[in-house]
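Each remark here refers to the structure printed beneath this line.
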Amino acid sequence: MSLATEKRRTVRRASGTGPPRGTAGHGAWFLVLPALIPVLALSVGPLLYGILLAFTDAQSGRTAPTRWIGVLNFSDLLHDTLFWESFRIGLVWAVGVTVPQFLLALGLALLLDQDLRLRWLARALAIIPWAMPEVVVGVMWRLVYNPDAGILNETLRDLGLGDGRDWLSGLATALPAVIVVGVWAGMPQTTVALLAGLQNTPRELHEAAAVDGAGAWRRFRTVTWPALRPIALAITALNFIWNFNSFALVYVLTNGGPGGRTRLPMLFAYEEAFRYGQFGYAAAMGCVMVAVISVFLALFLVGRIRGGDDA
(Lines give C-alpha, C1' and ligand atoms only; values in the text may rest on other atoms or scores of the structure.)
Protein backbone atom coordinates (compact mmCIF):
# COMPACT_ATOMS: atom_id res chain seq x y z
CA MET A 1 0.00 0.00 0.00
CA SER A 2 1.42 3.38 -1.06
CA LEU A 3 1.91 6.31 1.28
CA ALA A 4 -0.50 8.46 -0.78
CA THR A 5 -3.32 5.92 -0.46
CA GLU A 6 -2.87 5.75 3.30
CA LYS A 7 -2.96 9.57 3.51
CA ARG A 8 -6.23 9.73 1.51
CA ARG A 9 -7.86 7.17 3.87
CA THR A 10 -6.71 9.17 6.88
CA VAL A 11 -8.21 12.36 5.44
CA ARG A 12 -11.57 10.65 4.68
CA ARG A 13 -11.79 9.27 8.22
CA ALA A 14 -10.96 12.68 9.69
CA SER A 15 -13.49 14.50 7.51
CA GLY A 16 -16.25 11.98 8.05
CA THR A 17 -16.59 11.08 4.36
CA GLY A 18 -15.70 7.44 4.86
CA PRO A 19 -18.13 4.54 5.34
CA PRO A 20 -20.71 5.21 8.06
CA ARG A 21 -20.06 3.72 11.45
CA GLY A 22 -21.97 0.56 12.20
CA THR A 23 -21.96 -0.64 8.57
CA ALA A 24 -19.73 -3.58 9.46
CA GLY A 25 -21.99 -4.44 12.40
CA HIS A 26 -25.11 -4.45 10.19
CA GLY A 27 -23.32 -6.64 7.69
CA ALA A 28 -22.42 -9.09 10.45
CA TRP A 29 -26.09 -9.36 11.44
CA PHE A 30 -27.00 -10.34 7.89
CA LEU A 31 -24.36 -13.07 8.04
CA VAL A 32 -25.71 -14.38 11.36
CA LEU A 33 -29.39 -14.36 10.30
CA PRO A 34 -29.36 -17.70 8.38
CA ALA A 35 -28.23 -19.46 11.56
CA LEU A 36 -30.31 -17.31 13.91
CA ILE A 37 -33.68 -17.78 12.18
CA PRO A 38 -33.86 -21.60 12.72
CA VAL A 39 -32.90 -21.12 16.38
CA LEU A 40 -35.65 -18.55 16.87
CA ALA A 41 -38.21 -20.59 14.96
CA LEU A 42 -37.44 -24.03 16.40
CA SER A 43 -36.24 -23.23 19.92
CA VAL A 44 -37.14 -19.78 21.19
CA GLY A 45 -40.56 -19.70 19.52
CA PRO A 46 -41.84 -23.01 20.94
CA LEU A 47 -40.40 -22.13 24.35
CA LEU A 48 -42.29 -18.83 24.46
CA TYR A 49 -45.46 -20.53 23.23
CA GLY A 50 -45.13 -23.18 25.93
CA ILE A 51 -44.73 -20.51 28.61
CA LEU A 52 -47.83 -18.73 27.30
CA LEU A 53 -49.76 -22.03 27.22
CA ALA A 54 -48.95 -22.63 30.90
CA PHE A 55 -51.18 -19.70 31.86
CA THR A 56 -54.22 -21.07 30.01
CA ASP A 57 -56.68 -23.96 30.43
CA ALA A 58 -55.78 -25.45 27.03
CA GLN A 59 -57.15 -28.99 26.64
CA SER A 60 -57.59 -31.39 23.77
CA GLY A 61 -61.08 -32.10 22.42
CA ARG A 62 -62.61 -28.90 23.81
CA THR A 63 -65.09 -26.93 21.75
CA ALA A 64 -64.98 -23.92 24.09
CA PRO A 65 -62.23 -21.38 23.47
CA THR A 66 -59.07 -21.51 25.56
CA ARG A 67 -59.20 -19.13 28.53
CA TRP A 68 -56.46 -17.24 30.36
CA ILE A 69 -56.37 -18.55 33.95
CA GLY A 70 -53.23 -16.89 35.29
CA VAL A 71 -51.15 -18.94 37.72
CA LEU A 72 -53.87 -21.50 38.47
CA ASN A 73 -51.92 -24.32 36.80
CA PHE A 74 -48.85 -23.51 38.88
CA SER A 75 -50.97 -23.34 42.03
CA ASP A 76 -52.38 -26.79 41.30
CA LEU A 77 -48.89 -28.03 40.55
CA LEU A 78 -47.64 -27.01 43.99
CA HIS A 79 -50.16 -29.39 45.58
CA ASP A 80 -49.71 -32.22 43.05
CA THR A 81 -47.92 -34.92 45.04
CA LEU A 82 -47.60 -37.15 41.97
CA PHE A 83 -45.62 -34.49 40.11
CA TRP A 84 -43.26 -33.85 43.01
CA GLU A 85 -42.77 -37.59 43.42
CA SER A 86 -41.83 -37.78 39.74
CA PHE A 87 -39.53 -34.80 40.33
CA ARG A 88 -37.81 -36.69 43.16
CA ILE A 89 -37.46 -39.75 40.95
CA GLY A 90 -36.02 -37.53 38.22
CA LEU A 91 -33.36 -36.20 40.58
CA VAL A 92 -32.50 -39.72 41.77
CA TRP A 93 -32.30 -40.86 38.16
CA ALA A 94 -30.16 -37.89 37.07
CA VAL A 95 -27.68 -38.23 39.93
CA GLY A 96 -27.71 -42.04 39.79
CA VAL A 97 -26.81 -41.97 36.10
CA THR A 98 -24.49 -38.95 35.98
CA VAL A 99 -22.11 -39.92 38.82
CA PRO A 100 -21.36 -43.55 37.80
CA GLN A 101 -21.31 -42.40 34.18
CA PHE A 102 -18.51 -39.96 34.92
CA LEU A 103 -16.48 -42.30 37.12
CA LEU A 104 -16.62 -45.20 34.66
CA ALA A 105 -15.95 -42.90 31.71
CA LEU A 106 -12.93 -41.44 33.50
CA GLY A 107 -11.49 -44.90 34.10
CA LEU A 108 -12.16 -45.93 30.50
CA ALA A 109 -10.62 -42.72 29.15
CA LEU A 110 -7.47 -43.26 31.25
CA LEU A 111 -7.26 -46.83 29.91
CA LEU A 112 -7.76 -45.82 26.27
CA ASP A 113 -5.11 -43.11 26.66
CA GLN A 114 -2.46 -45.75 27.32
CA ASP A 115 -0.27 -47.14 24.56
CA LEU A 116 -2.13 -50.42 24.15
CA ARG A 117 -2.23 -52.88 21.29
CA LEU A 118 -5.32 -52.51 19.09
CA ARG A 119 -6.12 -49.27 20.86
CA TRP A 120 -7.93 -48.01 17.78
CA LEU A 121 -10.28 -51.01 17.93
CA ALA A 122 -10.97 -50.52 21.63
CA ARG A 123 -11.80 -46.84 21.03
CA ALA A 124 -14.17 -47.76 18.20
CA LEU A 125 -15.96 -50.36 20.34
CA ALA A 126 -16.23 -47.93 23.26
CA ILE A 127 -18.40 -45.49 21.31
CA ILE A 128 -20.85 -48.05 19.88
CA PRO A 129 -23.57 -47.32 22.48
CA TRP A 130 -23.34 -43.63 21.56
CA ALA A 131 -24.05 -44.46 17.91
CA MET A 132 -27.23 -46.38 18.76
CA PRO A 133 -30.62 -44.60 18.93
CA GLU A 134 -32.22 -44.58 22.38
CA VAL A 135 -35.20 -46.59 21.14
CA VAL A 136 -32.90 -49.34 19.87
CA VAL A 137 -30.98 -49.30 23.17
CA GLY A 138 -34.26 -49.61 25.10
CA VAL A 139 -35.50 -52.54 23.02
CA MET A 140 -32.13 -54.32 23.30
CA TRP A 141 -32.03 -53.98 27.09
CA ARG A 142 -35.63 -55.11 27.40
CA LEU A 143 -34.46 -58.35 25.80
CA VAL A 144 -31.52 -58.50 28.21
CA TYR A 145 -33.87 -58.05 31.19
CA ASN A 146 -36.52 -60.43 29.85
CA PRO A 147 -37.65 -62.58 32.81
CA ASP A 148 -37.99 -65.78 30.78
CA ALA A 149 -35.31 -65.77 28.11
CA GLY A 150 -33.16 -62.74 28.89
CA ILE A 151 -29.40 -63.18 28.92
CA LEU A 152 -29.14 -61.75 32.44
CA ASN A 153 -31.51 -64.25 34.04
CA GLU A 154 -30.06 -67.10 31.99
CA THR A 155 -26.59 -66.24 33.27
CA LEU A 156 -27.82 -66.09 36.88
CA ARG A 157 -29.48 -69.50 36.49
CA ASP A 158 -26.32 -71.02 35.01
CA LEU A 159 -24.30 -69.67 37.93
CA GLY A 160 -26.81 -71.04 40.45
CA LEU A 161 -27.71 -67.59 41.73
CA GLY A 162 -31.47 -68.05 41.61
CA ASP A 163 -34.23 -68.48 39.10
CA GLY A 164 -34.03 -64.87 37.91
CA ARG A 165 -36.56 -62.10 38.30
CA ASP A 166 -38.54 -59.56 36.33
CA TRP A 167 -36.13 -56.66 36.63
CA LEU A 168 -38.24 -54.02 34.90
CA SER A 169 -41.48 -54.90 36.66
CA GLY A 170 -40.23 -55.20 40.23
CA LEU A 171 -40.94 -52.24 42.47
CA ALA A 172 -37.48 -52.46 44.03
CA THR A 173 -35.48 -53.23 40.88
CA ALA A 174 -37.07 -51.17 38.10
CA LEU A 175 -35.31 -47.87 38.78
CA PRO A 176 -31.84 -49.40 39.42
CA ALA A 177 -32.20 -51.50 36.26
CA VAL A 178 -33.08 -48.43 34.21
CA ILE A 179 -30.20 -46.48 35.76
CA VAL A 180 -27.77 -49.20 34.62
CA VAL A 181 -29.01 -48.79 31.05
CA GLY A 182 -28.69 -45.01 31.29
CA VAL A 183 -25.09 -45.30 32.47
CA TRP A 184 -24.22 -47.73 29.68
CA ALA A 185 -25.85 -45.64 26.97
CA GLY A 186 -24.39 -42.27 28.02
CA MET A 187 -20.88 -43.28 29.04
CA PRO A 188 -19.26 -43.08 25.56
CA GLN A 189 -19.82 -39.34 25.05
CA THR A 190 -18.28 -38.62 28.45
CA THR A 191 -15.38 -40.92 27.61
CA VAL A 192 -14.72 -39.12 24.33
CA ALA A 193 -14.72 -35.70 26.03
CA LEU A 194 -12.36 -36.83 28.80
CA LEU A 195 -10.09 -38.66 26.36
CA ALA A 196 -9.76 -35.49 24.30
CA GLY A 197 -8.74 -33.63 27.46
CA LEU A 198 -6.17 -36.30 28.32
CA GLN A 199 -4.62 -36.13 24.88
CA ASN A 200 -4.26 -32.36 25.17
CA THR A 201 -2.31 -32.68 28.41
CA PRO A 202 1.43 -32.21 27.67
CA ARG A 203 3.34 -35.45 28.10
CA GLU A 204 6.30 -33.47 29.39
CA LEU A 205 4.42 -32.73 32.61
CA HIS A 206 3.89 -36.43 33.31
CA GLU A 207 7.52 -37.20 32.48
CA ALA A 208 8.76 -34.42 34.77
CA ALA A 209 6.53 -35.64 37.61
CA ALA A 210 7.78 -39.22 37.10
CA VAL A 211 11.39 -38.02 37.22
CA ASP A 212 10.60 -36.29 40.53
CA GLY A 213 9.45 -39.65 41.90
CA ALA A 214 5.68 -39.08 41.73
CA GLY A 215 3.61 -42.24 41.59
CA ALA A 216 0.59 -42.87 39.38
CA TRP A 217 -1.93 -41.46 41.90
CA ARG A 218 0.15 -38.35 42.60
CA ARG A 219 0.61 -37.69 38.86
CA PHE A 220 -3.14 -38.01 38.38
CA ARG A 221 -3.87 -35.65 41.29
CA THR A 222 -1.31 -32.98 40.41
CA VAL A 223 -1.07 -33.18 36.61
CA THR A 224 -3.98 -35.03 35.03
CA TRP A 225 -6.91 -33.82 37.12
CA PRO A 226 -6.08 -30.07 37.00
CA ALA A 227 -6.02 -30.33 33.20
CA LEU A 228 -9.25 -32.34 33.08
CA ARG A 229 -11.18 -30.33 35.68
CA PRO A 230 -12.79 -27.75 33.32
CA ILE A 231 -13.84 -30.48 30.89
CA ALA A 232 -15.09 -32.69 33.72
CA LEU A 233 -17.25 -29.92 35.17
CA ALA A 234 -18.70 -29.01 31.79
CA ILE A 235 -19.53 -32.55 30.69
CA THR A 236 -20.96 -33.43 34.12
CA ALA A 237 -23.28 -30.41 34.06
CA LEU A 238 -24.43 -31.24 30.53
CA ASN A 239 -24.95 -34.90 31.43
CA PHE A 240 -27.06 -33.94 34.45
CA ILE A 241 -29.28 -31.73 32.30
CA TRP A 242 -29.61 -34.36 29.57
CA ASN A 243 -30.35 -37.11 32.05
CA PHE A 244 -32.91 -35.06 33.98
CA ASN A 245 -34.73 -34.36 30.71
CA SER A 246 -34.50 -37.96 29.55
CA PHE A 247 -37.60 -39.42 27.95
CA ALA A 248 -37.21 -41.97 25.15
CA LEU A 249 -35.02 -44.50 26.97
CA VAL A 250 -37.24 -44.79 30.06
CA TYR A 251 -40.40 -44.65 27.93
CA VAL A 252 -39.29 -47.69 25.92
CA LEU A 253 -38.00 -49.63 28.93
CA THR A 254 -40.81 -49.18 31.47
CA ASN A 255 -43.18 -46.45 30.28
CA GLY A 256 -42.90 -45.01 33.78
CA GLY A 257 -43.90 -48.17 35.59
CA PRO A 258 -44.28 -50.18 37.67
CA GLY A 259 -46.55 -48.07 39.82
CA GLY A 260 -44.85 -44.87 38.73
CA ARG A 261 -41.46 -45.95 40.14
CA THR A 262 -39.67 -44.79 36.98
CA ARG A 263 -42.01 -41.96 35.97
CA LEU A 264 -39.60 -39.10 35.28
CA PRO A 265 -40.91 -35.50 35.13
CA MET A 266 -40.74 -35.49 31.34
CA LEU A 267 -42.80 -38.68 31.21
CA PHE A 268 -45.33 -37.22 33.63
CA ALA A 269 -45.72 -34.09 31.49
CA TYR A 270 -46.06 -36.23 28.37
CA GLU A 271 -48.86 -38.26 29.93
CA GLU A 272 -50.72 -35.15 31.08
CA ALA A 273 -50.51 -33.64 27.60
CA PHE A 274 -51.04 -36.56 25.24
CA ARG A 275 -52.86 -39.13 27.36
CA TYR A 276 -55.15 -36.86 29.35
CA GLY A 277 -55.16 -33.83 27.04
CA GLN A 278 -54.19 -31.28 29.72
CA PHE A 279 -51.90 -29.16 27.57
CA GLY A 280 -51.94 -26.11 29.83
CA TYR A 281 -51.11 -28.14 32.92
CA ALA A 282 -48.35 -30.04 31.09
CA ALA A 283 -46.90 -26.75 29.87
CA ALA A 284 -46.76 -25.55 33.48
CA MET A 285 -44.78 -28.68 34.35
CA GLY A 286 -42.40 -27.90 31.51
CA CYS A 287 -41.93 -24.35 32.80
CA VAL A 288 -41.02 -25.65 36.25
CA MET A 289 -38.48 -28.06 34.76
CA VAL A 290 -36.96 -25.30 32.60
CA ALA A 291 -36.71 -23.07 35.68
CA VAL A 292 -34.95 -25.75 37.71
CA ILE A 293 -32.49 -26.51 34.92
CA SER A 294 -31.87 -22.78 34.42
CA VAL A 295 -31.05 -22.33 38.11
CA PHE A 296 -28.69 -25.29 38.03
CA LEU A 297 -27.02 -23.97 34.87
CA ALA A 298 -26.70 -20.47 36.36
CA LEU A 299 -25.01 -21.87 39.49
CA PHE A 300 -22.66 -23.85 37.29
CA LEU A 301 -21.74 -20.78 35.22
CA VAL A 302 -21.22 -18.65 38.33
CA GLY A 303 -18.94 -21.34 39.73
CA ARG A 304 -16.99 -21.48 36.49
CA ILE A 305 -16.58 -17.70 36.41
CA ARG A 306 -15.44 -17.53 40.03
CA GLY A 307 -13.10 -20.44 39.41
CA GLY A 308 -11.63 -18.62 36.42
CA ASP A 309 -11.17 -15.45 38.49
CA ASP A 310 -9.46 -17.40 41.27
CA ALA A 311 -7.16 -19.01 38.74
Subject >> Residues that are in contact (Cβ under 8 Å) with a residue 12 or more places away in the chain and out of contact with any helix residue (DSSP H, G or I) (no Cβ under 9 Å at 6 or more places or on another chain), drawn from the range 203-219 >> reply: none
**OP:** Would you point out which residue out of 121, 198 is under 21 Å from residue 238 (Cβ atoms) and either part of a helix (DSSP H, G or I) or touching a Gly at 6+ places or on another chain (Cβ under 9 Å) (or both)?
**Re:** 198
Original post:
Tally time: how many residues in the range 48-97 are in a helix (DSSP H, G or I) and either closer than 19 Å to residue 261 by Cα or modelled with pLDDT of 95 or more (or both)?
Top reply: 17
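Output the residues belonging to the range 194-205 that are open to solvent by less than 30 Å² (accessible area, probe 1.4 Å) and within 17 Å of residue 126 (Cα to Cα). Step through it out loud before you land on a result.
In the first step, residues of the range 194-205 are kept if they are open to solvent by less than 30 Å² (accessible area, probe 1.4 Å); the result is 194-195, 197-198, 201.
If the condition is that a residue be open to solvent by less than 30 Å² (accessible area, probe 1.4 Å) and within 17 Å of residue 126 (Cα to Cα), then 194, 195, 197, 198 are the ones that fit.
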Original post:
Exactly one of (1) at pLDDT 85 or above; (2) surrounded by fewer than 21 Cβ atoms within 10 Å (Cβ to Cβ); (3) part of a loop (DSSP other than H, G, I, E, B) is unmet by residue 262. Its number?
Top reply: (2)
Subject >> Residue in the range 206-214 that is touching a Phe, Trp or Tyr at 6+ places or on another chain (Cβ under 9 Å) and either surrounded by 15 or more Cβ atoms within 10 Å (Cβ to Cβ) or assigned to a loop (DSSP other than H, G, I, E, B) (or both) present >> reply: no
Subject >> Candidates 248, 283 - the one that is small (Gly, Ala, Ser), modelled with pLDDT of 90 or more, surrounded by fewer than 21 Cβ atoms within 10 Å (Cβ to Cβ) and under 21 Å from the mean Cα position of the chain (by Cα) >> reply: 248
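Taking into account only those residues within the range 157-179 that are open to solvent by less than 40 Å² (accessible area, probe 1.4 Å) and out of contact with any helix residue (DSSP H, G or I) (no Cβ under 6 Å at 6 or more places or on another chain), which is farthest from residue 92 (Cα to Cα)?
If we take residues in the range 157-179 being open to solvent by less than 40 Å² (accessible area, probe 1.4 Å) and out of contact with any helix residue (DSSP H, G or I) (no Cβ under 6 Å at 6 or more places or on another chain), then 170 is farthest from residue 92 (Cα to Cα).
Does the range 138-145 include one or more residues that are aromatic (Phe, Trp, Tyr) and open to solvent by 50 Å² or more (accessible area, probe 1.4 Å)? Give the derivation first.
Taking the range 138-145 and keeping what is aromatic (Phe, Trp, Tyr), we get 141, 145.
Pick out the ones that are also open to solvent by 50 Å² or more (accessible area, probe 1.4 Å) and you get none.
No, the range 138-145 has no match at all.
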**OP:** Name, by its number, the condition in (1) under 30 Å from residue 262 (Cα atoms); (2) touching a residue at least 40 places away in the same chain (Cβ under 8 Å); (3) open to solvent by 50 Å² or more (accessible area, probe 1.4 Å) that does not hold for residue 237.
**Re:** (3)
**OP:** Only residues in the range 188-202 that are assigned by the TED database to the domain that holds residue 98 count as the first member; pair them with residues that are charged (D, E, K, R), Cβ under 6 angstrom, at least 6 apart or cross-chain, and list the lot.
**Re:** 198/113
**OP:** Could you list all residues from the range 100-124 that are surrounded by fewer than 17 Cβ atoms within 10 Å (Cβ to Cβ), closer than 18 Å to residue 185 by Cβ and small (Gly, Ala, Ser)?
**Re:** 107, 124
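The values are calculated or read from the model by the stated rules, or taken from the named source; none is laboratory data. In this text, all values refer to a predicted model and were calculated from it rather than measured experimentally. Every residue, glycine as well, gets a Cβ built from its backbone with ideal geometry; the counts of neighbours run over all protein chains shown. In case anyone asks, the SASA skips ligands and DNA or RNA and just uses the protein heavy atoms, side chains included. Shrake-Rupley method; radii C 1.70, N 1.55, O 1.52, S 1.80 Å.
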